[in-house]
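The values are calculated or read from the model by the stated rules, or taken from the named source; none is laboratory data. Keep in mind that this is a model prediction, so the values were computed, not measured. Here the Cβ positions follow ideal geometry from the backbone for every residue, glycine too, while neighbour counts run over all protein chains shown.
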């Protein structure tokens with residue numbers, strides 16, 4: 001990886017509360033606790049990644065925390081340079097249970113504070129109470145920014161009727177087959193930053209003829225083309241990988257730019273096709 005790429009990995013967007021969040025990071029969904037997650041996170045940090053996204057339900061917060069501690073010792077990357085995200089799981093939603101879940105995540109990660117804490121899913125009848133707990137945590141200074149995950153435009157609209165703090169981030173499934181235009185536009189109107197999970201649709205979009213054609217045109221991989229589309233669309237993105245070569249390759253996004261026409265061609269691939277659950281119909 002080039003030095004230029006490593007420095008670009010620290011490029012950031014300013015959230016609605018003034019906190020800066022890297023545009024690009026590493027997701028660790030389904031990365032196994034222990035050596036697998038430790039090695040993935042350390043590899044990413046060594047390469048220049050500064051944003052790590054985990055969650056209580058991933059059951060790998062302890063490994064993420066160990067990797068952060070080891071990276072500080074071995075690569076001289078202090079905690080202050082990192083942007084660490086975790087999320088409260090559905091079964092812990094509610095006011096006091098969310099406060100307790102946050103403290104447990106912090107303990108498992110071995111950290112004094114988080115950079116971003118999210119409500120993982122919009123559990124009906126609970127997410128407003130949960131948000132009040134996040135606001136309390138935010139005001140206490142234990143987290144630098146708070147936000148939500150898997151909230152569609154109508155969930156955001158409902159939350160904002162009572163929220164004292166506007167969410168800084170909405171992390172949603174977003175890729176060329178699911179472009180979520182309505183939610184993106186509403187979030188933008190409220191100053192909420194959109195972040196994509198599963199930006200490659202678990203590899204589904206990589207075989208698309210349009211994406212393959214653009215990869216050939218730019219001399220890049222299909223994954224690099226899609227991730228570049230995310231960045232040029234103003235979307236924070238956190239692809240997951242456990243392979244060092246792919247963690248490095250995913251970040252090689254800063255030496256090319258898609259034309260306006262090619263961004264539009266990828267936009268046009270939308271078919272409202274999810275690889276994850278429906279935020280309006282989930283039972284977990």
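Only one residue in 44, 6 is in a helix (DSSP H, G or I), closer than 22 Å to residue 253 by Cα and touching a strand residue (DSSP E or B) at 6+ places or on another chain (Cβ under 8 Å), so which one is that?
Going through 44, 6 in turn, just one is in a helix (DSSP H, G or I), closer than 22 Å to residue 253 by Cα and touching a strand residue (DSSP E or B) at 6+ places or on another chain (Cβ under 8 Å): 44.
State whether the residues of the stretch 99-120 include one that is in contact (Cβ under 8 Å) with a residue 60 or more places away in the chain, in contact with a helix residue (DSSP H, G or I) (Cβ under 7 Å, 6 or more places away or on another chain) and not in a helix (DSSP H, G or I).
yes
From the list 91, 7, 76, which one is within 18 Å of residue 120 (Cα to Cα) and free of Cβ contacts under 8 Å to residues at least 60 places away in the same chain?
When all the criteria are applied, what remains is 91.
Can you tell me which residue among 21, 1 is part of a strand (DSSP E or B) and touching a residue at least 40 places away in the same chain (Cβ under 8 Å)?
One residue alone meets the criteria, 21.
Could you please let me know if residue 187 is without any contact (Cβ under 8 Å) to a residue 40 or more places away in the chain and under 25 Å from residue 146 (Cα atoms)? Give the derivation first.
Values: without any contact (Cβ under 8 Å) to a residue 40 or more places away in the chain: yes; under 25 Å from residue 146 (Cα atoms): yes.
Answer is yes for this residue.
Which members of the stretch 250-263 meet the condition of being assigned to a helix (DSSP H, G or I) and at pLDDT below 95?
Matches in the stretch 250-263: 250 only.
Check the stretch 81-96 and report whether any residue there is more than 24 Å from residue 136 (Cα to Cα), crowded, with 23+ Cβ neighbours inside 10 Å and out of contact with any strand residue (DSSP E or B) (no Cβ under 8 Å at 6 or more places or on another chain).
No, there is no match, as no residue in the stretch 81-96 is more than 24 Å from residue 136 (Cα to Cα), crowded, with 23+ Cβ neighbours inside 10 Å and out of contact with any strand residue (DSSP E or B) (no Cβ under 8 Å at 6 or more places or on another chain).
If you take the residues of the stretch 29-44 that are farther than 14 Å from residue 246 by Cα and within 16 Å of the chain's Cα centre (by Cα), which of them is surrounded by the most Cβ atoms within 10 Å (Cβ to Cβ)?
Top of the filtered list is 31.
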